[in-house]
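Remarks on the structure that follows.
Nothing in this text is a laboratory measurement; each read-out follows from the coordinates by a stated rule. Note that the structure is predicted; figures quoted are calculated from it, not measured. For neighbour counting, all protein chains shown are included, and Cβ atoms are generated from backbone atoms with ideal geometry for every residue, glycine included.
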Amino acid sequence: MSTDVSPAPTHRPGSLGELLAVAVPLVISYGSSALMYVVDRIFLSWDSVESLAASLPAGVVHYNLCALAIGTVSYANAFVGQYEGAEQHQRVGPVLWQAIYLALGASALIGLSVLAAPAMFTWFDHGETIRDLELRYYRIMALGTAPWLISTALSCFYSGRGKTTVIMVINLLATALNVTLDYLLIFGKAGFPDLGIEGAALATVISFAASAVMFIVVMAATERHGHYHLWTGRRFDRELIGRLLWFGLPSGLHQFLEIACFTVFIQLVGRLGTAQLSATSLVFNLNSLVFIPMLGLGTAVTVLVGHRVGEGQPQTAIRTTWLAAALASAYVAAFGALYLFAPYAILKPYGLAEQDGVRELVVFLLKLVAVYSFFDALSVVFSSAIRGAGDTLFAMLFSFSMGILVLVIPTFVASRFGEAGFNYAWYAVTAYVFVLGAGFIARFQQGKWMTMRVIEHTLPELEGDDLVSHEPGEATAAPPGPVPAPSPGGN
């Protein structure tokens, strides 16, 4: 990660001002993505409860397939940062093009998954009506993957150089477009066809395409003098793309494995009934508006901890991490109070007045979310801190193993009991979040991360195309490009 993302030196290292200077643009970027998906699901709930129920499993399957590609492609920002820091500006364009080639290849493979989609959604056994809606939504999202991945690759030009304000503005504009198109295409307003759930998928694809176009336009203005070789560096470079795969794949694997656990959870819950799946979809969607912005704070912690560890100042990193934990705790406490004391008020936009069964399930689930949100916040902050120092292998193995043992297996057992197992499936989610929060705090307190480095203690002089070498899977997390779709469980 380029230290260009560090705040201005007027902020004292380890201070609240320093943390906020890095975190605020990232929080806004993540928040705009969360808002996009919340509005999308609100509109679908107005369309039909079946559309709402189908959108989550289909969306999660698509995101799960994309997660590995997103993690790999977005790692180009680390290359951009190092080339920029070494003043090898002419290498920025070539590495961006390699990321674009990876994005195109991955998009083609994900597009081919539509051939297996009928069998896959039949196996999920969510009922014929839900299955049909899932297929319609998934086909559009899968065939329209390329704009999302290309936008992610292009955004690395800015995230790698610390220009996160550009990303924030483009994300906000894309969100506004998505919300507008959602309304027009889902309900057939202003002369547009009434497409329902397919309209929601089309709106998402079009907004990501617009995001890619905006990045290209802004980059074209930046490239007027060919400083970064954004056009002349388009040659396929087997060595460079191989290096991007070598360092980027471990980054994507963590994301893929974690989301896979929640994918299984959602598919198992879907077998318990439409009301149960709709309630789960709505709660995860609503809580994403709370959880996703916290990822911006987590990314800021990753950046600052990595920066301080690189400087040999782990004590300052500790101070920053605990400040972030306090901020995150206060943030989720406010929303937790709303979940507990005003659940019906926050559910009004979803139009559940005539769906008492779903509404009461959601109110119950919001109480569980309010209970586990504190540990959710701690999990984000402390996992981000240890990853910033390079402790990514533990983060990946711990999250995945607990996902299997505490989330997936208990939910599978609960699903054998039909509707009666629904509460127990959600108790498993709550236990999983508790375990993650406690485990990452314990790992942080162990202090092993303080002796880790993602770069050499002394950076060598770069020559030619050489790049500072890291071990695979030991890279600090990247700032967001176009912010990814929210993790279904907020983890």
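How far, in nm, would the chain grow between TRP123 and PHE412 when pulled straight, counting 0.36 nm per residue and subtracting the alpha carbon separation? Before the final figure, lay out each step's value.
Working: separation 289, 0.36 × 289 = 104.04 nm, distance 1.48 nm.
Taking TRP123 through PHE412 to full extension adds about 102.6 nm, to one decimal.
For the peptides 231-238, 41-48, 96-103, what is the packing order when you average, over each peptide's residues, the other Cβ atoms within 10 Å and list the highest mean first?
On the way: 231-238: 13.1, 41-48: 21.6, 96-103: 24.1.
Highest mean packing first, the order is 96-103, 41-48, 231-238.
Would you calculate the separation in nanometres between label points at ALA326 and ASP132, each defined as 7 Å from the Cα along the Cα-to-beta-carbon direction?
5.7
Pairing the Cα long axis of helix 49-74 with the longest principal axis of the chain, what angle in degrees results, from 0 to 90 and rounded to the nearest 10?
Here the helix axis deviates by roughly 20 degrees.
Name the residue farthest towards the positive end of the dipole of the chain from the options PHE256, LEU282, PHE412, assuming +1 on Cβ of Lys and Arg, -1 on Cβ of Asp and Glu, about the Cα centre.
Final value for the positive-end residue is LEU282.
How far apart, in nm, are the 7 Å Cα→Cβ label points at GLN446 and PHE192?
With each label placed 7 Å out from Cα toward Cβ, I get 5.0 nm.
Considering every pair of different Cα atoms, what Kirkwood radius, in Å, is found for the range 3-451? Don't skip to the end; give the middle numbers.
On the way: mean 1/r = 0.0441 Å⁻¹.
Across the range 3-451, the inverse of the average 1/r is 22.7 Å.
Of PHE157, MET120, VAL61, which is farthest towards the positive pole of the range 3-451's charge dipole, taken about the Cα centre with +1 and -1 on the beta-carbons of Lys, Arg and Asp, Glu respectively?
Comparing the listed Cα positions along the dipole, PHE157 ranks first.
Got a sec to turn the phi values of the range 103-110 into Karplus ³J(HN,Hα) couplings, 6.51 cos²θ - 1.76 cosθ + 1.60 with θ = phi - 60°, whole Hz, x for Gly and Pro?
With coefficients 6.51, -1.76 and 1.60, one gets 4, 5, x, 5, 4, 5, 5, 5 Hz.
Which length gain, in nm to one decimal place, applies between ALA221 and ALA116 when the Cα-Cα distance is subtracted from 0.36 nm times their residue separation?
Numbers: separation 105, 0.36 × 105 = 37.80 nm, distance 4.22 nm.
This chain segment gains 33.6 nm when fully extended.
Before anything else, pin down the relative contact order of the chain: Cα pairs under 8 Å, at least 6 apart, normalised by residue count, whole percent. The partial results should precede the final answer.
Details: 843 pairs, mean separation 123.8, N = 491.
For the chain, the relative contact order is 25 percent.
Could you size up the charge dipole of the chain around its Cα centre, putting +1 on the beta carbon of Lys and Arg and -1 on that of Asp and Glu, and report it in debye to the nearest 20? Walk me through the numbers on the way to the answer.
Details: 25 positive and 32 negative charges, 83 e Å.
The calculated dipole for the chain is roughly 400 debye.
So which lysines can LYS367 reach, going by Cα to Cα under 29 Å and dropping same-chain residues fewer than 8 places off?
LYS348
Can you tally the net charge around ILE386? Count Lys and Arg as +1, Asp and Glu as -1, for every other residue whose Cβ sits under 11 Å from the Cβ of ILE386. Mind dumping the intermediate values first?
Working: positive: ARG387, ARG443, LYS448; negative: ASP391.
Residues close to ILE386 contribute a combined charge of +2.
Using each residue's phi in the range 405-414, evaluate 6.51 cos²θ - 1.76 cosθ + 1.60 at θ = phi - 60° and report the 3J(HN,Hα) Karplus result to the nearest Hz, with x for Gly and Pro.
For the range 405-414, the Karplus curve yields 6, 9, 9, 5, 4, x, 5, 4, 5, 4 Hz.
Between VAL213 and LEU109, what FRET efficiency comes out of the Förster formula 1/(1 + (r/R0)^6) with R0 = 25 Å and r the beta carbon distance, rounded to 0.05? Spell out each step's value before the answer.
Values: r = 24 Å, r/R0 = 0.95.
Once rounded, the FRET efficiency stands at 0.60.
What does the highest-first list of 109-119, 54-64, 271-281, 189-199 look like by mean Cβ count within 10 Å? Display every interim value, and only then the final one.
Values: 109-119: 13.5, 54-64: 25.5, 271-281: 23.5, 189-199: 15.8.
Result, highest mean Cβ count within 10 Å first: 54-64, 271-281, 189-199, 109-119.
Evaluate E = 1/(1 + (r/R0)^6) for ALA334 and GLN313, where r is the Cβ-Cβ distance and R0 equals 30 Å; express this FRET efficiency to the nearest 0.05. Kindly include the intermediate steps, with their values, before the conclusion.
Numbers: r = 32 Å, r/R0 = 1.06.
In this case the efficiency is close to 0.40.
Tell me, what HN-Hα J-couplings in whole Hz come from the Karplus equation 6.51 cos²θ - 1.76 cosθ + 1.60 at θ = phi - 60° for each residue of the range 170-184, using x for Gly and Pro?
Running phi through 6.51 cos²θ - 1.76 cosθ + 1.60 with θ = phi - 60° gives 5, 4, 5, 5, 5, 5, 4, 5, 4, 4, 4, 5, 3, 4, 5 Hz.
Charges on Cβ only, +1 for Lys and Arg, -1 for Asp and Glu, centred on the Cα centroid of the chain; of TYR37, VAL80, GLY447, which one is farthest towards the dipole's positive end?
GLY447
Over all alpha-carbon pairs in the range 288-414, figure out the percentage whose distance exceeds 21 Å. Please list the in-between numbers first.
Working: 4260 of 8001 pairs.
Distances greater than 21 Å cover 53 percent of the Cα pairs.
What length, rounded to one decimal in nm, is gained on full extension from THR232 through to LEU173, with 0.36 nm per residue of separation minus their alpha-carbon distance?
Details: separation 59, 0.36 × 59 = 21.24 nm, distance 2.90 nm.
Extra length from THR232 to LEU173 when fully extended: 18.3 nm.
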